[in-house]
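Before any comments, here is the structure.
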Number of protein chains: 2
Amino acid sequence: MGVSLRDVALLAGVSVKTVSNVVNGYAHVSAATRAKVEYALSQLDYRPNLSARNLRLGRTGVIALALPELDPPYFAELSRFVIHAAAGHRWIVVIEQTDGSLERERQVLDGVRDHRVDGVILSPVAIGAEELAARIDDTALVLLGERIYDGPADHVAIDNVRAAREVTEHLAGLGRRRVAALGVQDDPATGTAALRLAGYAEAVAAHGLPRLTAAVERYSRAEGAAAMARLLAEPEPPDAVFCFNDLLALGAMRTVLSSGLRVPEDVALAGVDDIEDGRFSTPTLTTVAPDKAELARTAVELLRRRVDGGPGGPPREVRASHRLVVRESTVGPAQTPSPA
Amino acid sequence: MGVSLRDVALLAGVSVKTVSNVVNGYAHVSAATRAKVEYALSQLDYRPNLSARNLRLGRTGVIALALPELDPPYFAELSRFVIHAAAGHRWIVVIEQTDGSLERERQVLDGVRDHRVDGVILSPVAIGAEELAARIDDTALVLLGERIYDGPADHVAIDNVRAAREVTEHLAGLGRRRVAALGVQDDPATGTAALRLAGYAEAVAAHGLPRLTAAVERYSRAEGAAAMARLLAEPEPPDAVFCFNDLLALGAMRTVLSSGLRVPEDVALAGVDDIEDGRFSTPTLTTVAPDKAELARTAVELLRRRVDGGPGGPPREVRASHRLVVRESTVGPAQTPSPA
DNA sequence: CTGAAAGCGCTTACAG
DNA sequence: CTGAAAGCGCTTACAG
């Protein structure tokens, strides 16, 4: 192996403890001793062995971020923020892709008991609140997403119902009379689709508008495109569509445009997530932007509390902020730079 | 802490060594002993402490995947494959975002010496071959990307010159007479832009076509859009553009469409990377698809060799395969499903 | 086939 | 302010 504390101690003519003190920046080391040790440290180019330190300290310095998949833009963007936030706590982040499988989600949770990671930030898909409650005795865990609210672990999410209501109201406020909701799913009451549908329903009811919905299996461009095609095929197609995420909206946009209709003139479109793609689509996409940095920071801080403080009180439900970002897909081109 | 080998040994009435043998699946354990041990193991729900095992074994079970950023779709998609490939070697993957900073790249490389990770898969931006050679004495390292060829470490990439030639030839073969290259940069001879420009130059020269180029600072949609605007503003604009990656191409597409021109009728567009976005843009995007799974698998295997085998011979230069995927942005709609 | 013991490198009471 | 020693949990020669 490499250079150990013992090697440094030998060279500096002090004890291992003293070297450890210097390395860890403890006070109460005489200037002379410190100088000797620091000289030896640099002379030998000492690097602490993190495996040893972690064994001693009973931690790993690693946390897991478990997502269904990494490549949907929303998850990739969120991951970036989580990695940054974790670095601030001297944690490195292992990305675990669960593919939404129950078995994989269980494995990730086991990572804590295997001393593989100090804690887990999980965006659950398959695992239920009951099983979670049963298996996370001492597992530091923070939940993300819309799957489990008021569950057995800390949870951070935006206010989905309010966000959905706001987008729908924006659409209605533009004078649209047939505002559809695209992305309905047969999920539990606290699922993403259910919450966004609830917010949509509140808004259309308040405006006395009809309720139009299109269901999907997955939140992908392809499903968004197909669902939009079904909406357009109806006798009275919508003049605005609130898509439950940006990917669906981008797929829907493709369908609208390729059927010769215009966005937003014929159909206004809005999504959720504020992924980068929507800023560069033609037209650019109106969306709900969750504060991803805040989401990430909060999740990491909650995890830090659990790791440091043991059990530490009942699970916390935290709301992160969001804002409506209005772009061309609902209000038309503003000052789009017209090339040539 | 939790349950240790010693606790299991006590309960089973055997030595720690024997429990370790059973846990690690060594042969030569009598059936009776094995049964006793396994009973105790499950009774106590034993979990090996990976920190301890790693300290003893001198490894961490973690590798780093260091990329400039995670959210460009190409990197997100590639990461997913790397994580899968690494799992096959019982490695978990820490994603390190370097932001292209030299300091961050150095830190990541230090991770090996800190016993934080067993090895690093790095897509370098700032660090040069010379510095790399100087600092990677015993660091297991595999390079990705186009920045460093024939450097001091193993390297995997597709054949960029050939790929660029193939796309350009596809464009020329369609009868386009003014094929531009979008994405030129002032980078070293082995940089992405230089290699793709070389392939492009070979092809246009072979077809007796003029050489038209547009430079960019970064490979983003925004820069692609801006560079395309400059090309369209020229007296004789191109009728086809080979964009050095898909993001640039998607940006360019936005510019072409919003200036009232058609893709591919007026301007054919092609990119590189085969990111998912290009499969759902309007029109869908012709591109060079690197075999990302092969890239990832090869990188992980090379790393495994270095970690297991010590130095193990001179650096290897490996080519991963790619293929041209022809879509609407060069040949027009084929059987696009026309809704309603 | 199984056991007793050493040691990986670190941190931390406990003395002095 | 500094040192000698124990111990985190594991694996591995070395015996028997």
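The values are calculated or read from the model by the stated rules, or taken from the named source; none is laboratory data. Every value quoted in this text rests on a predicted model; they were computed, and no experiment measured them. Please note: Cβ atoms are built from the backbone with ideal geometry, for glycine as well, and neighbour counts cover all protein chains shown. Only protein heavy atoms, including side chains, enter the accessible area calculation; ligands, DNA and RNA are left aside. Shrake-Rupley method; radii C 1.70, N 1.55, O 1.52, S 1.80 Å.
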Taking the rotation axis that maps chain B onto chain A, which residue of B brings its Cβ closest to that axis, and at what distance in whole Å? B:ALA76, 2
Between B:GLU38 and A:LYS17, how high is the FRET efficiency from 1/(1 + (r/R0)^6) when r is the Cβ-Cβ distance and R₀ = 30 Å? Nearest 0.05. 0.10
For the protein assembly as shown, give the percent of accessible area contributed by carbon and sulfur heavy atoms, probe 1.4 Å, rounded to a whole number. 51
Find the relative contact order for chain A and round it to a whole percent, using C-alpha pairs within less than 8 Å whose residues are 6+ positions apart. 15
Over all Cα pairs of chain B, the Kirkwood radius sets Rh, and Rg/Rh then becomes 1.14
Cβ-Cβ cut-off under 9 Å around A:ALA12, Lys and Arg +1, Asp and Glu -1: the net charge is 0
At q = 0.14, 0.25, 0.27 Å⁻¹, what is the base-10 log of I(q)/I(0) for the range B:66-135 according to the Debye formula with one equal point scatterer per Cα and no solvent? Please give it to two decimals. -0.44, -1.19, -1.27
Histogram of C-alpha separations across the range A:23-98, 5 Å bin width, %: 3, 12, 15, 15, 13, 12, 10, 7, 6, 4, 2, 0
Taking the alpha-carbon centre of each part, the distance from the range A:61-105 to the range A:242-321 in Å is 17
Can you tell which of B:GLU236, B:GLU294, B:GLU217 shows the greatest fluctuation in a Gaussian network model of chain B with Cα springs below 10 Å? B:GLU236
For the range A:103-167, just the Cα atoms, rotate onto the principal axes and tell me the three extents in Å, largest first. 44, 21, 19
In units of 2.2 N^0.38 Å, what is the alpha-carbon radius of gyration of the range B:5-48? 0.96
Largest fluctuation, B:TYR39, B:TYR200, B:TYR149 only, Gaussian network model of chain B with Cα springs under 10 angstrom, belongs to B:TYR39
Chain pair B, A: how much accessible area is buried, both chains summed, with a 1.4 Å probe, in Å² to 100? 5100
Inter-copy distances for B:ASP45, label 7 Å out on the Cα-Cβ vector, sorted ascending, nm, one decimal, are 4.6
Once the cut-off is 18 Å, how many percent of the Cα-Cα pairs in the range A:245-314 end up in the long-distance tail? 53
Determine the relative contact order of the range B:235-340: mean sequence separation of Cα pairs under 8 Å and six or more apart, normalised by residue count, in whole percent. 29
Counting Lys and Arg as +1 and Asp and Glu as -1 over every other residue whose Cβ sits under 9 Å from the Cβ of A:GLY312, the net charge comes to +1
Taking chain A as a Gaussian network, Cα atoms linked when under 10 Å apart, which of A:PHE280, A:PHE242, A:PHE75 shows the biggest mean-square fluctuation? A:PHE280
Compactness check, the range A:101-228: C-alpha Rg relative to the 2.2 N^0.38 Å globular estimate gives 1.28
Show log10 I(q)/I(0) for the protein assembly as shown at q = 0.05, 0.07, 0.09, 0.11 Å⁻¹, two decimals, from a solvent-free Debye sum over equal Cα scatterers. -0.28, -0.55, -0.87, -1.19
Could you name every residue in the range A:104-151 that has 10 Å² or more less accessible surface in the full protein assembly than in its own chain alone (probe 1.4 Å, ligands and nucleic acids excluded)? A:ASP110, A:ARG113, A:ASP114, A:HIS115, A:ARG116
Probe 1.4 Å, accessible area per residue of chain B, Å²: 42
What are the lysines whose alpha-carbon lies under 22 Å from the alpha-carbon of B:LYS36, with same-chain residues fewer than 8 places away excluded? B:LYS17
